[in-house]
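Peer 1: Can you read through this structure? Questions will come right after.
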Amino acid sequence: MAKRKNLAESIAAANTDRVENAVSVEVESTPEVATPKSTKSSASAKSKKPPSRINTKAITGHFDPDVSKQLKMLAVTKDSTVQALLSEALNDLFVKHGQNPIA
């Protein structure tokens, strides 16, 4: 059984087919317009993450839907965010177990 092409190879092949089948059209030359250079660093230009997510790692878990609802309600009543409440809870857990609160 032959191995299937990966997605990148399939896209490259499709683009090659389009270029080979393209019709040549002459266009009047126009003066080139200077494009502004990007001010982003090369690391952030490659990453599609928002700035608040750079150098962070998601920590997840599966809980009953009522847990999620209660956490969101608590965030609203405390005028806080779920992120801040989870950070507080993790720091309390770290202290309880003799670790530095770093969340």
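Peer 1: Can you work out the PRE-style zone for LYS49? Point 7 Å along Cα to Cβ, and I want the residues of segment 56-92 with backbone N under 12 Å.
Peer 2: 56-59
Peer 1: With N denoting the number of residues in segment 61-103, provide Rg(C-alpha) divided by 2.2 N^0.38 Å, to two decimal places.
Peer 2: Working: Rg = 11.6 Å, N = 43, 2.2 N^0.38 = 9.2 Å.
Scaled against compact globular proteins, the figure is 1.27.
Peer 1: Then there's this: Simple spin-label model, 7 Å along Cα-to-Cβ: ILE11 to ALA58 in nm?
Peer 2: Modelled inter-label distance: 2.0 nm.
Peer 1: How much length is gained on full extension from GLN99 to GLN83, taking 0.36 nm per residue of separation minus their Cα-Cα distance?
Peer 2: Working: separation 16, 0.36 × 16 = 5.76 nm, distance 2.01 nm.
So the chain would gain 3.7 nm between GLN99 and GLN83.
Read-outs: derived from the displayed coordinates by stated rules, not from any lab. Here the structure is a predicted model, which means the values were calculated and not measured. Heads up, the Cβs are rebuilt from the backbone with ideal geometry, glycines too, and the neighbour counts pull from every protein chain shown.
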